[in-house]
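Novice: Sharing a structure with you now.
Read-outs throughout are calculated quantities, based only on the coordinates presented, and are distinct from any laboratory measurement. All of these numbers come straight from a predicted model, not from anything done at the bench. Cβ atoms come from the backbone with ideal geometry, glycine included; neighbour counts cover every protein chain shown.
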Amino acid sequence: MHAAEMRIVPATQEPGLVCCGGGALFLVSAGGCKVEVFHTQQEECPLICRFSTMGIVHSIVYSQIGDYLVTIEEKNGATYLRAYTNWRYQAAEKKRVGVRLLGHLMRGQALHGTPKEQMEIVEIPLSETPLCTACCSITGALLVACAKSLVLFSLKRQSLNDQLDALDFERLLILYVSGWSPSQVALCGGYVAMQTELEVLVVKLENLEKICASDEEHMQLRGDVMAAAGVTDADGKKEPQSPFESDDYFVFPKHLEMLGDKAKDCGVSLTLEWTGMDTEANDNMGVTYILYRRFAPDFFQGCTVEETRLHSLQLHPMYTGNPDVSSDAENSDPACMFCFFSLPNAGYMYSLKNTVELISAYQYPEKAHQALLCNEFLHVITQNALQCFSVRCSAVAARVEDPYIDTTMKACPPFTMEVSALRIQLFIGLKSLCHDGNHIVLLTAADIETKEETERATRRSIKSKEQNSMAGIFLAVGINPTTSPALESFLSRSFLSKKTSVSKLKEPSESGHGWNLYVISTVSTLQLYREMVEYSKRYEQTSPLSQNYVHLLSEAHLLLRASLLCSPNTDRAKIQEAFQESCAHLGDCFSRLEKRDCHLALPYYKMSGLSVTEVIQRNVAVCRGPAPDYGNGFLFFLKHSLYEETMEELSEETANTVLEIFSKAEPGQLPYVVSSSFMKNANPVCVRVHLEHLELSGAPSVTVSLCKAAQALRLGDLHYYQQQMDRHAEMLQVYGFIEEPKLLVHRRGKAMVPTELARHLRDTQDGLLVAAVVALHENSKVKLEEAELFFQELCKDSAESQSIPQLLVDFWEALLVASSQESIVQELLFHLTSVYIERIMCRERSGIKALKTAEDLINSCSHYGSLFPWLNILTPAQFNITHDHQEDLQKLQSLLCGPTLDVSSIVPLLEQLPDEDNTGLSVHMLCATKLGQHENAIEKLLDRCPHAIVSYANHELRRDKMALWWLKLFPELCERIRLSSGDNGVLLTALKETLAVVAMELNPVEFLNLIPDDGTAHFFLAHLLKCSQKHLLT
Amino acid sequence: MAAKSSLLKVILLGDGGVGKSSLMNRYVSDKFDAHLFHTIGVEFLNKELEVDGRRVTLQIWDTAGQERFRSLRTPFYRGSDCCLLTFGVDDAQSFLNLGHWRKEFAYYADVKEPDSFPFIILGNKIDVVERQVTTEEVQRWCCDNGGHPYFETSAKDATNVAEAFEEAARRVLALEDRQAHVMPSDVVDLRRKPRSSSRCCL
C-alpha cells in the first residue's frame, strides 16, 4: 500500500547536500568529502554504499540516464568537475576506484585491458571555474555553467561487456553568454534554461537551417563561431542588469516578459561554438530564444534583493501515450516541455512547446525556499511547511495528445483553471527538497543558535506534523478553513487511522541532533483521488451554490490524467477505472449547471463509459420531487445522445422517463425524441398522450401528426393513423420527413433500418415514400448509398424475384428527375441503364408497376430524350413483348436518345445484351450511332431491318455525317441491289430516297461520277435533272 | 576547517613493477597478491586513520608506472598533498629513475617549491634476497635531494608499510599547520602562480 508514509533516513552524519534519483538518495556529509547512498524505495532506507569524493563537494547532481553523479569539488584551492560512474560497485567496501580524464576511454580501449567492475571517476577539465551543472533527463547530457559560458557535454556509453558500461562525455559545444553569470541552469531535450538572481532565459539549441530561413539576423554563421543577436561586446547589455552597481543613481529595472521570438531582444547575447567531433553537425546547430523574464525587487514595498531572488529553475518534459506501451519514450521527443522558476513568494510555470505561454502562476502564502515541479504536483518548502500545489501539466499534455479534447467527444479541465493548494505539512527548519518517482526527500535542520530550542520543540512538532500530514488537507483555492464550517470539521476529523512509520523510528529529539532527513512517499494517486472526491461531496452538500466542488473534482480528474500519461503503473487498470468514475462525477456536475459549461456534461459522460440509462438514473435520483428540475447540461446530454444515434435502446420505464423529462423541460423536442430508435420501447399510449398534449399547447405541426401516425401503427389503430395522415397534403408530409428523418429510417452503425411507418407507406403510399427519401437525399439527410440500403432493406422480404427492387428503381428514377448534382446523375444513369438492360434480357417480370412510365420520364426530365423516329420502325409500340418490358426498353432507349448518358461508360454492360432480335438491335444501333460508328450501323440495319434505313438515315446522317449518304449508304444500296435476286423492293425504295437526298447535296459532276456504270439511265435521269436544276438555282 | 584538512591525497609514483599497488593493498586491505596485473591509468583507495589524535582520511592514489600510461597518469598529480616515490631495492634502474619521477611530479602537480613539498622515498621488496640498491645509497640520495624521509618496506611481509603511510599523513598535517599559522594566504599564492615560474624551479 502507498499510504502517505514518512521514513527517516539512517544517515550518521549531518548531510550538507542532498540529491536523489533512480531509487537512490545521495547525501554529501556536511564535511563535503563523503557520499552516502541510500535506497529510497525500501522500507528502512538501507545504505547502498558509501564512497569518498576527491575533494570537498560544492554541488552534486544525479543523472538517471547513465546512472552517474556529477560534482563540483574543491581541493587545495582548485575547483574540479567530476562525474562518478558505476558507483554502485562501491557497495563492496575498499574497492579501488579508477580515475580518468574526459575522452580517455574512447581513444584507446586497448589500454583498458580486461574491464573491471569498479567505480570510475571521469575528471572533466574546464578552462573556467564551474558554477553549477544540470543533466538532461532525456539524453543524460551534461550542462556546465561557468562565469562566461555554458559547456554542453553529450553522454557516451561504451559497452565493455554484457553487464558493464563505461561512460564518457564529449564536449559538444560552448555557449558564450555575454555579461551574465547563471546561478542555476537546466537542460532538457535541447532546451537550455539559465537563471540569475532576477532573470531567466530559456533558449533552444537546434538545427540551424530551421531558423536561418526565418531569421538571418538572429543567427550568423562565421566559421566555427555563430553569434546570436543582441549586443556582442562583453558588457554591452542594453539595460543595466542591476541598479545596485551604479554609484550615482538608481535605475529601476522593470518587470519584463518576452515570449518566443521576441525574447531575442532581451539583451543577453549568446555565441555558440561547436567543439564536437562531428564537424558536419556544426553547420546544423543554432540557438533560438524561447523565453526571457526579468523581475524587479519592489523597493516601495520594502523588498530587498534577497527577497526577490529567483530559485528552483527547472525544465520538465512530459510524454504522452501509455508509458507502459511506449518503452522507447526516452529516445523520442517529449510532447510537452515546461519551465518552472520561482521567486520567494511566487512560482511560474511556462509551456515551451508550440506556443510559449505562462500556464500557471503560484502565489505562496509564505516565503518559499525551494520548489519542485513534477507531473502531478508542485512541492514547495517554506521555513516550516511542505506545501503541495496542483499543476496543469496533464491539462496541457492532454490537449497535445488528443485532438478530440474540447469537442463533444472528449473534455478535460482547462489548463487556465486556477491552481490549488492541496496540502500542507508542517516541519521545523526545512532546508532542502528533492524528488524521485513517488518519493520526496526533505532535509530539516535547525539553525545552530536555535538548535536547542528546536530539539525541545521537536516533540511538539512531531505531534502537529502527524496531525497535518495524515489529515491530508485539501484546500480548494480560496477556501479559508476558519470561515468554512465544513472544511473545519473535515480537518479536525483527520485521517487518524493512517499510520506513519515515524513512531517506530527513533525520534529526532532522542537522537539529539538538530537535523533530520525524511523520505516521504507521496500518497498514491488513487487514494488522493478518493479523498478529493470525498471532500468535494462534503463541500457540495454544505455549500451547493459554490462551484468549488467542481474545481476540486477537476483537480482530481487532472491528477488521474497525469498518472495515466506519465507513470508506468501496475494499477493502471484501477486508475483507468477511477478516471472513468471521475468523468462520471464531472458529468454529474456539469449536467446540473445551468448555463456556463453545461455542455461539458456530454463529453464527460461519454468518457465515463456510463450507459445513457445509467446517466438518466443518476440524474433522476437527484431530481426527485413533484416538479423535478433537470439541469441544462443533462438535457443537452440527452438530446445529443438521442440524436447522435450512439446510445443503447432504452427500457420502457426509462423511455417513459425520458418522455416525462422532455414533456416538462422542452416539449418542443418531443417529436424528435419519440422518433429516436432508442425510444421504441416507450409506451405508445403514453407517447400519444404527450404528443396530443403538445398539440394542444399550440404547437401542431406536420411532424407531430406524422409522429402520432407512427404511434398509431404501433398500437394497430389504423383509423387513427389514417386521420393523422389525412391531415396534411403529401407535399407537406415530405417536409415533415425532412424535419425528422427518423420517422422513416433509423441508423444502426452503417445499417439503415426502415421504421414501421416506412413499411406501411411502402404498401400504401409508395409514391410518398419515394418522394420523401428523394427529399431526404436532396436535403443531405441521407446519402445515396444509404437510401439504396434503405430500399433494399425495406423490400428484402417482398415477393419480388429481382435483385433490384422496383421501389429502388423508382427512387433512382425520381432522384434522377430531381437531382442536379452531376456526380449523382452519372451514378444514377449507370444504375438505371444496368437495371434496364438486365430487365430486357430476362423477360420475367414481377408485375409490379413502376411509379413512372417512360413517357412520364421523357416529359419530366432532360436526361430521358425523345425516342428517335427510326426506333418506332425497329421496335414499334405494339411490339411482341409485354408492356413492362416495353416500358423498360423505352426508358433505356430514351436515356440513349438523351444528352446526358455517356454511352462509352455502358459499353461493357451492352456486351451481354444479344442483338438477335430488334430489341437488342435497337439498343446496339443507338450506341453505335452515339459512338459515331454510323457506317457499321448502316450495314447492320441494311442486313437486319432495311425498311428502317431511310428513317435512320434521315435522322442520323446529317451535318458532318451527310457525306455518308453518297459515300456509304448509296454504294451499299447499289451493291445489295446488284447482288439481290428478285424481291428487292425495300432496297430500291431506299435507293430512290437516297438518290433524292444526294441529288440535292452534290453538284451534277459529282453526281454523275457517283452513278454506277451498270445502271439503267432512266432510273437516274430524273435525279440528275433535279440535281442540275438545284444547281442552276443556286 | 577540520573537514578541509581531513582528506589527504597521497600519490604513489615509481617504475612499473616496484610494488606500488601491493603497498597500497597491503596498507588498506592488509592483503598481498604476488600476481597483480599492471595498474592501468590511475586508481585510488581511501584509508581512515588517526595520527597524533587527529582523524584523517588518506586518499591513496596508485598510478601506472609504465611510460605508455604517462598521459593517463599525469593529469591527476594536481592537488596531491604528499608524494611517495617508490623503487624496488632489487631493481637498480628503478632507484636511478627516482629523480625523473620527482621531476615529472613537480611539473604536472604544479608544485611551487619542490624542495619543501613532502616527498617520501619508499624502497620496497626488502624481502628479496638479491638487493641491487643499498640503504646507504638511498640515504645519500635523499640527503642530496632535500632530506626526504626514507622507508624500507616489504608489501609482501608488511614491513614498515603502515609506518610509511602514517609518516606521510604526519608530514602533510605538519605542513598544513605551518601554512595555516604562518602564511594563511599561501594556498592562494600557490594556485595563482603561473606555470612558467614552476618550470624555472626544475
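Novice: For segment B:2-201, what class follows from the C-alpha gyration tensor (a ≥ b ≥ c being the square roots of its eigenvalues): rounded when a/c is under 1.5, otherwise prolate if a/b is larger than b/c, else oblate? Write out the running numbers ahead of the final one.
Specialist: Details: a/c = 1.56, a/b = 1.32, b/c = 1.18.
Since a/c reaches 1.5 and a/b is larger than b/c, the shape of segment B:2-201 is classed as prolate.
Novice: Can you give the Rg and Dmax of segment A:957-1034 based on its C-alpha atoms, in angstrom?
Specialist: According to the Cα coordinates of segment A:957-1034, Rg and Dmax are 12.4, 40 Å.
Novice: Listing A:352, A:909 from the residue with the fewest other Cβ atoms within 10 Å to the one with the most, what is the order?
Specialist: Details: A:352 24, A:909 15.
Starting with the residue having the fewest Cβ neighbours, the order is A:909, A:352.
Novice: Using the count of nearby Cβ atoms within 10 Å as a rough guide to exposure, how do A:905, A:342, A:521 rank from fewest to most?
Specialist: Numbers: A:905 12, A:342 26, A:521 20.
Lowest to highest Cβ neighbour count: A:905, A:521, A:342.
Novice: Quick one: which residues, 5 or more positions from residue A:666 or on another chain, have an amide H under 5 Å from its amide H? H modelled 1.01 Å from N in the peptide plane, none for Pro or chain starts.
Specialist: none
Novice: Please give me the summed charge of the neighbours of residue A:200: other residues whose Cβ is under 14 Å from its Cβ, Lys and Arg +1, Asp and Glu -1.
Specialist: Summing Lys/Arg as +1 and Asp/Glu as -1 gives 0.
Novice: If you filter segment A:571-634 for trypsin sites (Lys or Arg not before Pro), then keep DSSP loop positions with at most 13 other Cβ within 10 Å, what is left?
Specialist: Details: sites: A:572, A:574, A:592, A:595, A:596, A:606, A:618, A:624; in loops: A:595, A:596, A:624.
In loop regions of segment A:571-634 (DSSP not H, G, I, E or B), the sparsely surrounded trypsin sites (Lys or Arg not before Pro) are A:595, A:596, A:624.
Novice: With a 10 Å Cβ neighbour count serving as the proxy for reagent exposure, in which order, fewest first, do A:513, A:777 appear?
Specialist: Details: A:513 15, A:777 21.
By the 10 Å Cβ count, ascending: A:513, A:777.
Novice: Next question, about the same structure. What does the convex hull of the alpha-carbon atoms of segment A:649-797 project to on average, in nm²? Before the final figure, lay out each step's value.
Specialist: Working: hull surface 34.0 nm².
With every direction weighted equally, the projected area is 8.5 nm².
Novice: Continuing with the same structure: How high is the relative contact order of segment A:957-1034, given as a whole-number percent (alpha carbon pairs under 8 Å, six or more residues apart)?
Specialist: Details: 47 pairs, mean separation 21.3, N = 78.
Dividing the mean separation by the residue count of segment A:957-1034 yields 27 percent.
Novice: Now for a different question. For segment B:116-177, what does the alpha-carbon gyration tensor say about shape, rounded, prolate or oblate, given a ≥ b ≥ c as the root eigenvalues, a/c under 1.5 as rounded, and a/b over b/c as prolate? Present the calculation step by step, with values, prior to reporting the outcome.
Specialist: Working: a/c = 4.33, a/b = 1.40, b/c = 3.10.
In terms of gyration-tensor shape, oblate.
Novice: From Cα pairs below 8 angstrom and at least 6 apart in sequence, can you work out the relative contact order of chain B, rounded to a whole percent?
Specialist: On the way: 342 pairs, mean separation 47.9, N = 202.
In percent, rounded to a whole number, it is 24.
Novice: Once you have a ≥ b ≥ c as the square roots of the Cα gyration tensor eigenvalues for segment A:798-931, tell me rounded if a/c is under 1.5, and otherwise prolate or oblate according to whether a/b is larger than b/c. Provide the component values of the computation, followed by the final result.
Specialist: Working: a/c = 1.36, a/b = 1.06, b/c = 1.29.
Rounded.
Novice: Please tell me which of these pairs span more than 24 angstrom C-alpha to C-alpha: A:156/A:264; B:47/B:103; A:606/A:680; A:940/A:961; A:940/A:1026?
Specialist: Values: A:156/A:264 32 Å; B:47/B:103 27 Å; A:606/A:680 22 Å; A:940/A:961 17 Å; A:940/A:1026 30 Å.
Correct reply: A:156/A:264; B:47/B:103; A:940/A:1026.
Novice: For chain B, what is the calculated [θ] at 222 nm in deg cm²/dmol (nearest 500), taking -39500 (n - 2.57) for each run of four or more DSSP H residues and dividing by its residue count? Show your work: numbers first, answer last.
Specialist: Details: 9 runs with 81 residues, N = 202.
Helix contribution divided over all residues of chain B: -11500 deg cm²/dmol.
Novice: Rounded to the nearest 5, what % of the DSSP beta bridges within chain B are antiparallel ones? Mind dumping the intermediate values first?
Specialist: Details: 11 of 31 bridges.
Looking only at bridges with both residues in chain B, the antiparallel portion is about 35 percent.
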